[in-house]
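To keep things clear, I will list the structure first and then write my remarks on it.
The values are calculated or read from the model by the stated rules, or taken from the named source; none is laboratory data. If you're wondering where the values come from, they're calculated on a predicted model, not measured in any experiment. All Cβ positions, even for glycine, are placed from backbone atoms using ideal geometry, and neighbour counts span all protein chains on display. We work out accessible area using only protein heavy atoms, side chains counted, and drop any ligands, DNA or RNA first. Shrake-Rupley method; radii C 1.70, N 1.55, O 1.52, S 1.80 Å.
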Amino acid sequence: MESNRLLAIHIMELLNNYSSSSNTMSQAEIMERLLIDYGDKISRHTCSDYLKELRDSGYIAGNRGVYRVDLFSERELRTLIDGVMYGKHIPEKEAKVLIGKLKQLSANTMNDKLRNITYLSSINRTRNENLYSILDTIDEAIENDFKIEIVQHSIQVDGSKKDWSPKIVDPYFVVSDQSRYYLLCNTNRDNKLMLEPRRIDRFSSVKIITEKRTPLVDVVGHNFELGKYMREHLYMFSGEAGEAIIKVNNRYIGTFEDWYGSDYRVMESNEESSLIKVFTNHDALYYWILQYGGVAELIKPEKLRNKLKVGLKDMLKLYEE
């Protein structure tokens, strides 16, 4: 069976199953396994020719013993699997398939190490089975500078979905935040040009409108930075951003940076706390302060501070009554 066109594939499968950089296979071992696993009986000369071609092409490595060159290192593969496991934006069915395929990319010697990588069905994943087709449509529209018509939905008490009225928007970016996909778009809300986030897994449908979208520069100006926008819009709240001054317990500066990055200025500091100036979305900051109220105090703006006072008093009433 020396003319078997599948020999190269069979050799690669053998090396995937039985070899690694620390546990190589000799030419004799490969010939033996080819006969046992596939019924391929070949000469040493033929085997040598195949191994040389695979080595020259970069698929295998080694001299006295050979092994398959992995596409990903063990660390890279674990990172990819973790991303799928904990990605709330990936539907359950697709997550199981992706994890299975990623495991197949590992060398056989890694299988035991990967057995403890299990699918976590308890994660609050999206239930939108049309998510990927919706993303494809949005990508196509963005690539061709077209508007889209979106139908969003809300989740009802009984778990059902209620569609909203269709809305035509200008799509610009698809971003991921807190393991959810968001579309950054101009909705022309209140007849204003503004970049606003819309959660994509809450789209029931998307349709391309063959009409050119509003140029991005008309919406955000010439100096727009996507990374800066993401830092300023925690929790993907829409609306304007502005300066704020926050008093933060020094022990929790790292927590502050986890959310806001390093783009802030320390105005004053002592052994216990620091006054920090940051540019951020005020609606998002309101909920961030509620979340970290024990270690952070909003100093300015005064209007937002007063709003927090009212919100905290209303919250306290719920637990006093």
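Within region 143-162, is there a residue that is among the basic types (Lys, Arg) and loosely packed, with under 14 Cβ neighbours inside 10 Å? Yes: region 143-162 contains one or more residues that are among the basic types (Lys, Arg) and loosely packed, with under 14 Cβ neighbours inside 10 Å.
Each residue in region 145-165 was checked for being free of Cβ contacts under 8 Å to residues at least 24 places away in the same chain and either closer than 21 Å to LYS212 by Cα or of a type in the set (Gly, Ala, Ser) (or both), and 3 of them qualify. For region 201-231, how many residues are closer than 27 Å to LEU285 by Cα and either hydroxyl-bearing (Ser, Thr, Tyr) or surrounded by 15 or more Cβ atoms within 10 Å (Cβ to Cβ) (or both)? Looking only at that region, the number is 9. Restricting region 17-30 to residues that are surrounded by 19 or more Cβ atoms within 10 Å (Cβ to Cβ) and not in a loop (DSSP other than H, G, I, E, B) leaves a set whose member that is modelled with the lowest pLDDT is TYR18. From the list THR210, THR126, THR187, THR214, the one residue that fits, being within 26 Å of the chain's Cα centre (by Cα), over 29 Å from VAL84 (Cα atoms) and of a type outside the set (D, E, K, R), is THR187.
Counting just the residues of region 281-321 that are part of a strand (DSSP E or B) and open to solvent by less than 100 Å² (accessible area, probe 1.4 Å), which one comes out nearest to ASP177 (Cα to Cα)?
Going through region 281-321, the residues part of a strand (DSSP E or B) turn out to be 281, 296-300.
This time we only want the ones that are open to solvent by less than 100 Å² (accessible area, probe 1.4 Å), so: 281, 296-299.
Numbers: ASN281: 15, ALA296: 23, GLU297: 25, LEU298: 24, ILE299: 27 Å.
Per the criteria, the residue is ASN281.
The residues in region 48-77 that are without any contact (Cβ under 8 Å) to a residue 12 or more places away in the chain, assigned to a loop (DSSP other than H, G, I, E, B) and of a type outside the set (Ser, Thr, Tyr) can be counted, and the count is 3.
Selection within region 174-200: residues that are in contact with a Ser or Thr (Cβ under 9 Å, 6 or more places away or on another chain) and more than 14 Å from ILE142 (Cβ to Cβ). The member of this set that is most open to solvent (accessible area, probe 1.4 Å) is ARG189. Listed by first and then second residue, the pairs with beta-carbon distance under 9 Å, at least 6 apart or on different chains, first residue in region 274-293 and within 12 Å of HIS233 (Cβ to Cβ), second in a strand (DSSP E or B) and open to solvent by 50 Å² or more (accessible area, probe 1.4 Å), are PHE279/GLU243; THR280/GLU243.
Quick check: anything in region 82-89 touching an Asp or Glu at 6+ places or on another chain (Cβ under 9 Å) and either at pLDDT 85 or above or not β-branched (Val, Ile, Thr) (or both)? Explain how you work it out, then say what you get.
Pass one, region 82-89, residues touching an Asp or Glu at 6+ places or on another chain (Cβ under 9 Å): 84, 88-89.
Checking the rest, the ones that are also either at pLDDT 85 or above or not β-branched (Val, Ile, Thr) (or both) come to 88-89.
Looking for residues that are touching an Asp or Glu at 6+ places or on another chain (Cβ under 9 Å) and either at pLDDT 85 or above or not β-branched (Val, Ile, Thr) (or both), one finds at least one in region 82-89, hence yes.
If you go through region 213-269 and pick out every residue that is touching a Lys or Arg at 6+ places or on another chain (Cβ under 9 Å), over 30 Å from ILE148 (Cβ atoms) and part of a helix (DSSP H, G or I), you end up with 2. Scanning region 1-16 for residues that are closer than 13 Å to ARG68 by Cα and surrounded by fewer than 14 Cβ atoms within 10 Å (Cβ to Cβ) gives a single hit, ILE9. In summary, PRO171 fulfils each of the numbered conditions (1) at pLDDT below 95; (2) outside any loop (DSSP other than H, G, I, E, B); (3) surrounded by 15 or more Cβ atoms within 10 Å (Cβ to Cβ) with the single exception of condition (1).
In the set (1) within 20 Å of the chain's Cα centre (by Cα); (2) in a strand (DSSP E or B), GLY87 fails one condition alone, (2). Restricting attention to region 174-196, the residues being among the hydroxyl-bearing types (Ser, Thr, Tyr) and in a strand (DSSP E or B) number 3. With respect to the conditions (1) open to solvent by 60 Å² or more (accessible area, probe 1.4 Å); (2) without any contact (Cβ under 8 Å) to a residue 40 or more places away in the chain; (3) closer than 30 Å to LEU131 by Cβ, ARG33 falls short on a single one, namely (3).
Residue by residue through region 38-47, note down the ones that are in a loop (DSSP other than H, G, I, E, B), in contact with a Leu (Cβ under 9 Å, 6 or more places away or on another chain) and open to solvent by less than 60 Å² (accessible area, probe 1.4 Å). Outline the logic, then answer.
Within region 38-47, the subset in a loop (DSSP other than H, G, I, E, B) is 39-43.
With the extra rule that they be in contact with a Leu (Cβ under 9 Å, 6 or more places away or on another chain), the set shrinks to 40-42.
Within region 38-47, ASP40, ILE42 meet the criteria.
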